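One structure is given here, and the rest of the page talks about it.
The values are calculated or read from the model by the stated rules, or taken from the named source; none is laboratory data. Bear in mind the structure is a predicted one, so any value in this text is a computation, not a measurement. No Cβ is skipped: glycine too gets one built from the backbone with ideal geometry, and neighbour counts run over all protein chains shown.
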């Protein structure tokens, strides 16, 4: 099939550091190329891909201090529209910006919802465009969305060779992600303290979250000798960080649509101790790939049960459920359905 992948422009594909959507778009694009599809990636010019790259801007907008991507998205959508007859499927990863332009060719499009859907302004946009084909990244993500044209749920997947099974010899608990209240860094510090285990935190501090870090987390770190704050790490550093950890702590308190860090840990054979929130019960298999708990006490108790888990089993469950290969196969099934729908519409027009 000839497939267009339309990515956000704020970060490159893949991103240099933090950037979940761009990372998933990269994994999907490369796997589709590996499986023999003709893929064109619409993204920033500093993106790296084996697909055909259509650069919209010379480099990721964030690197030039540009935070309003809307003007550049409009430019990108115009280029996609100019070339739309070249593709069987146009796969969008930019929320709903393309809806007005592509509403009359909806069956040629697919939109993956990457973010939270419980924001008050979103139901109106979905009610205005209920026919646009959508994919959710978890069943939980769908709950706030009014009736729309769901084509399926496809869990994120990452390349099997990206990480290898680690042995967890570091003896520490890991926290990986971004410092903000939603991600639960205070909870992670408390859990590790209650369990009597060292905690290593590899986390990004965005400008918007700096007051929270300075006023809440920094003083907490100063009086928590069991915690080592590393700061932001890149992909090449994640193997050692996650592979040597006894477990990843994921004590979120928001409706996380998926949670990439959980499957990154699983790819290293590292169990996850996560709060029962958002997509966690879908991604985690309680008692097999980690423990799903309700509070600090439950998480601290779960640390004492980590020896019951088998790291090779965790790795094998990752390969079966959350590999890039599995993700691409699920998307291809949906692409094929869209192509069949296009054919049915064409025949209906001819018959009329």
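Residue check: is residue 96 crowded, with 18+ Cβ neighbours inside 10 Å, in contact with a strand residue (DSSP E or B) (Cβ under 9 Å, 6 or more places away or on another chain) and assigned by TED's automatic domain parsing to the domain that holds residue 109?
no
Scan segment 47-70 for residues that are within 25 Å of residue 89 (Cβ to Cβ) and without any contact (Cβ under 8 Å) to a residue 40 or more places away in the chain and report the count.
Adding up the residues that qualify gives 8.
Given 36, 45, which one is assigned to a loop (DSSP other than H, G, I, E, B), in contact with a strand residue (DSSP E or B) (Cβ under 7 Å, 6 or more places away or on another chain) and not assigned by TED's automatic domain parsing to the domain that holds residue 264?
Step by step, each of 36, 45 is checked, and only 45 is assigned to a loop (DSSP other than H, G, I, E, B), in contact with a strand residue (DSSP E or B) (Cβ under 7 Å, 6 or more places away or on another chain) and not assigned by TED's automatic domain parsing to the domain that holds residue 264.
Under the condition of being surrounded by fewer than 23 Cβ atoms within 10 Å (Cβ to Cβ) and without any contact (Cβ under 8 Å) to a residue 60 or more places away in the chain, which residue from segment 190-200 is farthest from the chain's Cα centre (by Cα)?
If we take residues in segment 190-200 being surrounded by fewer than 23 Cβ atoms within 10 Å (Cβ to Cβ) and without any contact (Cβ under 8 Å) to a residue 60 or more places away in the chain, then 196 is farthest from the chain's Cα centre (by Cα).
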